[in-house]
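Quick notes on the structure that follows.
The values are calculated or read from the model by the stated rules, or taken from the named source; none is laboratory data. In this text the structure is predicted, and so the values were computed from the model without any measurement. Note that we place each Cβ from the backbone using ideal geometry, even for glycine, and neighbour counts take in every protein chain shown.
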Amino acid sequence: MKPKRHVFVCTNRRAEDAQMPSCAPNGGMDVLDAFLKERAMLGLFRSVYITQSLCLGICPEKGGTVVIYPDGVWYVGVRADDVREIFAAHIVGGHPVERLIDRRYL
């Protein structure tokens, strides 16, 4: 069965002396966990795939990076608290969460 949505969540961790942020220490693992829990709660295992990824190339100072396909919507600065809204509005409802969209990829 083809999924309705495929969610990629960055959980990359750079060396401590790196000159740029990375998603794992900025809450990326918490975001991934929140997506997995929300999918389980809604019973959407067959229609929503969730994939943990390394660097997606956008490295926010706070929060993580999430990409949702087939829509090609890039979210930045995502926190675990944002996941329920992303699920309800975008994944289920088909309307991206405007306040989290990275405008460079529109």
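Miscellaneous remarks
- Residues of the stretch 10-21 classified as closer than 16 Å to V67 by Cβ and assigned to a loop (DSSP other than H, G, I, E, B), total: 2
- Qualifying residues in the stretch 1-20 (those that are touching a helix residue (DSSP H, G or I) at 6+ places or on another chain (Cβ under 8 Å) and closer than 19 Å to V76 by Cα) - the one surrounded by the fewest Cβ atoms within 10 Å (Cβ to Cβ): R13
Matching residues to (1) in contact (Cβ under 8 Å) with a residue 40 or more places away in the chain; (2) acidic (D, E):
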| site | (1), (2) |
| --- | --- |
| K4 | yes, no |
| S22 | no, no |
| P25 | no, no |
| D33 | yes, yes |
| L42 | yes, no |
| V48 | yes, no |
| C55 | yes, no |
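- One residue stands out among those in the stretch 73-94 that are of a type outside the set (A, V, I, L, M) and assigned to a strand (DSSP E or B): the one that is nearest to the chain's Cα centre (by Cα), which is Y75.
- Taking the criterion of being more than 16 Å from P60 (Cα to Cα) and either of a type in the set (V, I, T) or touching an Asp or Glu at 6+ places or on another chain (Cβ under 9 Å) (or both), the residues of the stretch 1-31 that qualify are R5, V7.
- Output for the stretch 95-106, where each listed residue is modelled with pLDDT under 95 and not in a helix (DSSP H, G or I): D102, L106
- Residues that are among the small types (G, A, S) and assigned to a loop (DSSP other than H, G, I, E, B) were ranked within the stretch 22-59; the one that is surrounded by the most Cβ atoms within 10 Å (Cβ to Cβ) is G27.
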